[in-house]
1. Just checking, does segment 140-154 include any residue being more than 22 Å from S48 (Cβ to Cβ), open to solvent by less than 60 Å² (accessible area, probe 1.4 Å) and without any contact (Cβ under 8 Å) to a residue 60 or more places away in the chain?
2. Read through the list (1) farther than 21 Å from R60 by Cα; (2) in a strand (DSSP E or B), then give the number of the only condition that S148 fails.
3. Could you give every pair whose Cβ atoms fall below 8 Å, whose first residue belongs to segment 225-247 and is in contact (Cβ under 8 Å) with a residue 24 or more places away in the chain and within 30 Å of R268 (Cβ to Cβ), and whose second residue is acidic (D, E) and open to solvent by less than 50 Å² (accessible area, probe 1.4 Å), counting only separations of at least 6 or pairs across chains?
4. Which ones in segment 253-297 are of a type outside the set (A, V, I, L, M), open to solvent by less than 60 Å² (accessible area, probe 1.4 Å) and closer than 19 Å to Q35 by Cβ?
5. Just give me the residues in segment 89-102 being open to solvent by 10 Å² or more (accessible area, probe 1.4 Å) and either farther than 19 Å from W217 by Cα or in a helix (DSSP H, G or I) (or both), in sequence order.
6. Within segment 212-221, take every residue that is part of a loop (DSSP other than H, G, I, E, B) and in contact with a strand residue (DSSP E or B) (Cβ under 7 Å, 6 or more places away or on another chain) and give me the one that is surrounded by the fewest Cβ atoms within 10 Å (Cβ to Cβ).
7. Out of the residues in segment 108-133 that are within 18 Å of the chain's Cα centre (by Cα) and assigned to a strand (DSSP E or B), state the one that is surrounded by the most Cβ atoms within 10 Å (Cβ to Cβ).
8. Look at P183 and say whether it is farther than 15 Å from Y97 by Cα and in contact with a helix residue (DSSP H, G or I) (Cβ under 7 Å, 6 or more places away or on another chain).
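The values are calculated or read from the model by the stated rules, or taken from the named source; none is laboratory data. Here the structure is a predicted model, which is why all the values come from computation and not from measurement. All Cβ positions, glycine included, derive from the backbone under ideal geometry; neighbour counts span all protein chains shown. Note: accessible area is taken over every heavy atom of the protein model, side chains too, but ligands, DNA and RNA are not part of it. Shrake-Rupley method; radii C 1.70, N 1.55, O 1.52, S 1.80 Å.
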Amino acid sequence: MTPYASPLLSLPGAVAADAPDAGVAAHYGELFREQRALARGEGLVDLSHRDVVTVSGPDRLSWLHLLLTQHVAELEPGRATEALILSAQGHIEHVLYLVDDGTTTWAHTEPGAAPALLAYLEKMKFLYRVEIADRTGEFAVVHLPAGSIAGVPDGAVVRETPHGRDVFLPRAGLAAFAAGHGPVAGVLAYEALRVEGHRPRLGRETDHRTIPHELGWLETAVHLNKGCYRGQETVARVHNLGRPPRRLVFLHLDGSEVKLPEHGAPVRLAADGAEGRPVGFVTTPARHHELGPIALALVKRNVPVDAELLAGDTPAVQETVVEP
């Protein structure tokens, strides 16, 4: 299969992003200018590399309600939500960013995730009146930041959240929409604002054993008082009887360092030095237009909340995101 390349990579100054965001621009030559524009509610972000899945049919919401961590049985048209699909052990397998238009539930998810997601959903159809489709080839996701007054084409499906609007556009109209609603910002600017907002992302803040409690997803993607779903026993047990083994933290990194620690770089207690035992790992590093170098990291629950840390070789001060 030919690797995806967005038509917006042909815009002046575009520098292609690396995985997991390959196929769109990391930036268009001025990272901080792009961030500032988004923070002002201007421009857009090309997320056309993300996968798009739809579920239609009269049973779609009641059926999805049985499979997802979120309460969606009575999801109102136009109301955005997010939901997880867990393993039987409660580990996060998929994250879906959802909206229903009254006849179809739309979701975007991580690049390349649709085949495995659809395989699971198809297995779970049974006699329910639902139709599942991978619409990635037809529709592209574009993000308009919070405060944007940009109009969207008639009939376009929109997820409106406190962080902005995700618009599902026909792929054929992507370049024209960007031309009329720029400036276009790269995914590095989008990711920096995500890190600032302490918002986790599958594949960055997660590994094969992450549970929702560790990342704060209980507040946004899990409904604690709905019926059973796969992995619910773990969610309920940890919530009611215990504490998650790890917790998400926000890091202010030493601005004198030229290089950011990479995703997966070990996090250690500064008191133990560079040879100390790791107590976690960096999940998403970023350069922010106001805060400087920052990162999210996943650390052991028992790491003191006031402990100074080393992210790779970079000194870091932590802020609590998930309480220990």
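1. Taking every residue of segment 140-154 in turn, none turns out to be more than 22 Å from S48 (Cβ to Cβ), open to solvent by less than 60 Å² (accessible area, probe 1.4 Å) and without any contact (Cβ under 8 Å) to a residue 60 or more places away in the chain.
2. (2)
3. P244/E214; P245/E214; R246/E214; R247/E214
4. G255, T284, P285, H288, H289, G292, P293 - these are the residues of segment 253-297 that are of a type outside the set (A, V, I, L, M), open to solvent by less than 60 Å² (accessible area, probe 1.4 Å) and closer than 19 Å to Q35 by Cβ.
5. Correct list: D101, G102.
6. First pass over segment 212-221, keeping only residues part of a loop (DSSP other than H, G, I, E, B): 216-221.
Okay, now just the ones that are also in contact with a strand residue (DSSP E or B) (Cβ under 7 Å, 6 or more places away or on another chain), so 216-217, 220-221.
Numbers: G216: 18, W217: 27, T220: 16, A221: 22.
Among them, the one singled out is T220.
7. Among those that are within 18 Å of the chain's Cα centre (by Cα) and assigned to a strand (DSSP E or B), it is H108.
8. Working: farther than 15 Å from Y97 by Cα: yes; in contact with a helix residue (DSSP H, G or I) (Cβ under 7 Å, 6 or more places away or on another chain): yes.
Answer is yes for this residue.
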